[in-house]
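The values are calculated or read from the model by the stated rules, or taken from the named source; none is laboratory data. Just so it is clear, the structure is predicted and the values come from calculations on it, not from any experiment. Quick reminder, even Gly has a Cβ in these numbers, built from the backbone with ideal geometry, and neighbours come from all protein chains shown. Heavy atoms of the whole protein, side chains included, go into the accessibility calculation; ligands, DNA and RNA do not. Shrake-Rupley method; radii C 1.70, N 1.55, O 1.52, S 1.80 Å.
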Amino acid sequence: MGKRALITGITGQDGSYLADFLLEQGYEVFGLVRRSSTLNFQRIRHIQDRITILSADLLDQNSLLTAMAEAEPDEVYNLAAQSFVPTSWTQPVLTGEATALGVMRMLEAIKRVTPKARFYQASSSEMFGKVRESPQTERTPFYPRSPYGVAKVYGHWITVNYRESYGLFAVSGILFNHESPRRGLEFVTRKVSYGVARIKLGLATELPLGNLDAKRDWGFAGDYVRAMWQMLQEEVPSDYVVGTGVQHSVRDLIELAFEHVGLDWREHVVQDERLLRPAEVDTLVADASKARRQLGWEPTVDFDGLVRMMVDADVELLSSPRSEPGAHDP
Ligand code: NAP
Ligand code: GDD
């Protein structure tokens, strides 16, 4: 019989790619979804009849205990979080509840209901924040710069702590920024690819952006969900940094995206002070040697390929005849 996997955050970017991947591997997939007044299944519509949806919320311990009992998973991937950094300043308490304490609630549910299940925690390069060294490895000290980053540090250490306290097979994947055509519209790569497509098609003329000097290590989400799975197939639980090792600035991103459709970014990008952050993470770049060596993980899409893929997808999306509100959301 195939293995059973429970994914929290299945309606998000990573959850949808991971569900695709696990279905291909023959898994029975359960997805945890919180209640909302409008359906947000855009990213999982294509696999909706092949997965089992369970209603639960990271803020509600009982719902997690029930979901765990219903799914009886072999593997649990905790991808749910309040994941947008700027929102963590406007909603710091909610961010702490979901992104920090939510991890502990998941671990408690596993400990009580399915202690043999293997657990993946979606940790983040945001934990390195004001970086202490470059590139960043599993041993680089954390210095988070946002309530989101601080919450992720809690999630990381509570995962390590439950592994060491209770012998759970729990791993923390410290993933650098990863993107795709399914990325939320508010994150910078998608904001740029969507904005470029709108300008190219004559639907807009300007693209407001914040800090163009920030540097990130951007990869393709489809590659990163494979690393999550690989971590849970190891004999011994351990933590891994995952990233491409190549860094680009937001300015590089816009240059390439506009150039790809034959436009000059200087004629369209405007700087908006309101998009600057109270504390910025200036530079991130991964040293993923451990993941490459131990898991055999390699990225298959480079920065140029990623940007071109996202711009092409948005041009196609916005060229389609569907025009009802929300039809063009990812
Ligand atoms: P995303 O697209 O924002 O998806 C977040 C998911 O979490 C959504 O399915 C959302 O549900 C769900 N969620 C939020 N609050 C919840 C709650 N209280 N209870 C249950 N579900 C809740 O994020 P992503 O880019 O796929 O990232 C996946 C995970 O990896 C996140 O934990 C993120 O912090 C982390 N991470 C991401 C990156 C990256 O570059 N993408 C890098 C490092 C770490 P709704 O659809 O209902 O909102
Ligand atoms: N979102 C956004 N919008 N970012 C902008 C903009 C803008 O208009 N202009 C410049 N930026 C800069 C931000 O200041 C930041 O330095 C960089 O672009 C990347 O911003 P995001 O795409 O919002 O991602 P993030 O790095 O803050 O966080 C993402 O990656 C983390 C991993 O390092 C999220 O996916 C987090 O959930 C994830 O943990």
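Residue ranking by accessible heavy-atom surface, 1.4 Å probe, largest first, among 265, 297 comes out as 265, 297.
In this view, the solvent-accessible surface of residue 205, computed with a 1.4 Å probe and all protein chains in place, comes to about 100 Å². Net charge dipole, the chain: roughly 640 debye, given to the nearest 20, about the Cα centre with Cβ charges of +1 for Lys and Arg and -1 for Asp and Glu. Site pair residue 300 and residue 23 shows an inter-label distance of 1.7 nm when each label is modelled 7 Å from Cα along Cα→Cβ.
Under 16 Å Cα to Cα from residue 116, which aspartates and glutamates show up? Leave out anything in the same chain fewer than 8 places away. The qualifying aspartates and glutamates are 70, 72, 74, 75, 108, 164, 234, 235. Using a probe of 1.4 Å on the protein chains alone, the accessible area found for residue 300 is around 100 Å². The order of 320, 134 by accessible area, most exposed first and with a 1.4 Å probe, is 134, 320.
Extending 7 Å from the Cα toward the beta-carbon at both residue 266 and residue 70 defines two label points whose distance is 5.7 nm.
The share of accessible area on the chain that comes from carbon and sulfur is 49 percent, using a 1.4 angstrom probe.
Positive end of the dipole of the chain (Cβ unit charges, origin at the Cα centre): among 181, 69, 249, the Cα lying farthest that way belongs to 69.
Protection proxy ranking for 119-128, 76-85, using the average of other Cβ atoms within 10 Å per residue and placing the highest first: 119-128, 76-85. Note on residue 200: lysines with a C-alpha under 25 Å away, same-chain residues under 8 apart excluded, are 191.
Sorting 206, 273, 179 by accessible area puts them as 273, 206, 179; the probe is 1.4 Å, largest comes first, and only protein heavy atoms count. Going by the alpha-carbon gyration tensor, a ≥ b ≥ c the square roots of its eigenvalues, is region 241-311 rounded (a/c under 1.5) or, if a/c is not under 1.5, prolate (a/b greater than b/c) versus oblate? Note, shape of region 241-311 comes out oblate. For region 67-108, the residues whose backbone nitrogen is under 16 Å from a point 7 Å from the Cα of residue 165, taken along Cα to Cβ, are 100-108.
Calculate the dipole size of region 150-228 relative to its Cα centre from +1 charges on Lys and Arg beta carbons and -1 charges on Asp and Glu beta carbons; express the result in debye to the nearest 20. Intermediate results must be reported in sequence, preceding the final value.
Values: 11 positive and 7 negative charges, 44 e Å.
Here the size comes out at about 220 debye.
What does the C-alpha gyration tensor say about the overall shape of region 1-101? Classify as rounded when a/c is under 1.5, otherwise prolate if a/b is larger than b/c, or oblate. Since a/c reaches 1.5 and a/b is larger than b/c, the shape of region 1-101 is classed as prolate.
In a reduced charge model with +1 at each Lys and Arg Cβ and -1 at each Asp and Glu Cβ, region 1-53 shows a dipole moment near 200 debye about its Cα centre. Extension gain, residue 40 to residue 53: 0.36 nm times the residue separation minus the Cα-Cα distance gives 3.4 nm. Comparing the chain with the 2.2 N^0.38 Å rule of thumb, its C-alpha radius of gyration ratio is 0.97 (two decimals).
When only alpha carbons are used to place a centre, region 209-248 and region 263-304 end up 11 Å from one another.
Where is the GNM fluctuation largest for the chain (alpha-carbon springs, 10 angstrom cutoff): 291, 214, 117? Result: 214 has the largest fluctuation of those listed.
Starting from a Cα-only point model with no solvent, please compute log10 I(q)/I(0) by Debye for region 13-65 at q = 0.19, 0.21, 0.25, 0.26 1/Å. Values returned for q = 0.19, 0.21, 0.25, 0.26 Å⁻¹ are -0.69, -0.82, -1.06, -1.11.
Counting heavy atoms of the protein chains alone, residue 46 has an accessible area of about 100 Å² for a 1.4 Å probe.
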